[in-house]
């Protein structure tokens, strides 16, 4: 009991620290920022079973259900968003942070793992029969005001690190590669941090990757992304002039930017607050609420998220809910999707009951509220 009490007190204090600084907004606004749309991770139930039989720990990881969203997944999600509307009639919106490309496994293997090749995420979707209409569903949801894509990266992958492990002949990495996954069981999180670097000279290559990703985004969606969220909240500030020059106005993130130092998992923590404007005129949007039931199923995410929303509103900040794609995916396990949708619906209904004037917006709509040029 004492331990639980102390945990709650610590969480409450953390929520206040996360919100007391920064710009205040008049009105109550709710944003859902959801990362990883378009990115391959766990390809299928078959692959997950193969990982288990191989003796890899991946079936027990938080990413075991993190597959591409199927047609059925999207229907369930978009039906829920359509049913939840604020008092102005606006539907609940998902700011969908999109990864534009995935590894082209065939070409990489043909090149003996010496060169990285990628394919447009729409091509990846077509590899799966239950995902063949996924992108058309995205397009309709964009038109309906439910789904607002924003730029997350070209890949969600530090591909140079991955290629080195493959070139070294790591058995587990090669096994996963042949199943269409980037896992290895060897510091996999370091593969996910696309804009981490091992040497400062890596930043120049990252700039080219970001620029190509931004161009792909505009070509696919027909508009520039107004915001950017770095994979794993990890990026070098040297990327920011390029982002600003190509239409980005807002950087999504948590309370701290994790700036690379050349050593994986040892970062310079740079604090940011909501509405803070840097020297380039870019604004920071800080996530202050979290809904991640897939990552920790035993936790009561409804109560914790509602408490965080209350604290955000107390400090006149938008409630910015971080809720990754994984929470709404049932392609591998339908129960995972059902739990995520159920928790989301419960939270929104309770928010509307307590704060009936709450307005549903997407991250890109913050530019006018923050008076960004």
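The values are calculated or read from the model by the stated rules, or taken from the named source; none is laboratory data. Since this is a predicted model, take the numbers as computed values, not measurements. Backbone-built Cβ (ideal geometry, glycine too); neighbour counts: all protein chains shown.
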2 or more residues in contact with a strand residue (DSSP E or B) (Cβ under 7 Å, 6 or more places away or on another chain) and under 19 Å from residue 100 (Cα atoms): qualifying strands (runs of 3 or more DSSP E) within the stretch 225-276: 250-253
Within the stretch 157-197, considering residues that are farther than 14 Å from residue 50 by Cβ and free of Cβ contacts under 8 Å to residues at least 12 places away in the same chain, the one surrounded by the most Cβ atoms within 10 Å (Cβ to Cβ): 188
Complete set of residues in the stretch 57-70 that are surrounded by fewer than 19 Cβ atoms within 10 Å (Cβ to Cβ) and either over 17 Å from the mean Cα position of the chain (by Cα) or under 10 Å from residue 137 (Cβ atoms) (or both): 57, 59, 60, 61
Residue, surrounded by the most Cβ atoms within 10 Å (Cβ to Cβ), within the stretch 305-323, restricted to residues that are more than 12 Å from residue 30 (Cα to Cα) and more than 20 Å from the chain's Cα centre (by Cα): 311
Residue tally, condition closer than 19 Å to residue 306 by Cα, in a loop (DSSP other than H, G, I, E, B) and under 19 Å from the mean Cα position of the chain (by Cα), over the stretch 324-361: 2
Residues satisfying the stated conditions in the stretch 79-102, i.e. more than 14 Å from residue 330 (Cβ to Cβ), touching a helix residue (DSSP H, G or I) at 6+ places or on another chain (Cβ under 6 Å) and surrounded by fewer than 24 Cβ atoms within 10 Å (Cβ to Cβ): 84, 91, 92
Given (1) crowded, with 22+ Cβ neighbours inside 10 Å; (2) closer than 26 Å to residue 351 by Cβ, number of the condition residue 228 does not satisfy: (2)
Inter-residue pairs, beta-carbon under 6 Å, first outside any helix (DSSP H, G or I) and in the stretch 362-373, second at pLDDT 90 or above and buried (at least 18 other Cβ atoms within 10 Å of the Cβ), 6+ apart: 362/93; 362/95; 362/148; 370/275; 370/283; 372/249; 372/283
